[in-house]
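Taking it in order: structure first as structure tokens, then the write-up.
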Amino acid sequence: MTLISSSASRLVYTTEGGRACPRCRRPVAACTCSQAAPPHAAGPVRVLLQSKGRGGKSVTLVQGLPLVGEALNALARQLRTACGSGGTVKAGVVEVQGDHCERVLAELQRVGYRAKRAGG
């Protein structure tokens, strides 16, 4: 009888479920750990202005939101509406077209997030 040590039986790759949440190891579609966390549970949300690599156009970035999926898209829509501007969500970062840092900070604080201005 051969015993397999716990380090040898560690799963390295699987095609079941697609991408997995790094915290709970569930599929991203079934993950509820980020949605259940209250806004103040995570660190502060960072709001910064970036124009590098964008042809001189300014974009307001919101990083560190503890949301995923549809909840993140809904908050991004709310921020874009408050600023009267377009934007998108890429890799968990909300992008709002233009220099709207102060409006985004005010809207995030009104919703209940601890938001800080980052970068110059």
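Values in this text are rule-based calculations from the coordinates and carry no lab data. Remember, predicted model here, so these are calculated numbers, not experimental data. Quick reminder, even Gly has a Cβ in these numbers, built from the backbone with ideal geometry, and neighbours come from all protein chains shown.
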Seminar exercise, completed: Put in order of increasing Cβ neighbours within 10 Å, starting from the fewest, Lys57, Lys52 give Lys52, Lys57
Problem set entry | Leu75, Leu48, Leu108 arranged by Cβ crowding within 10 Å, fewest neighbours leading | Leu48, Leu75, Leu108
Problem set entry | Percent of alpha-carbon pairs separated by more than 17 Å within segment 58-120 | 29
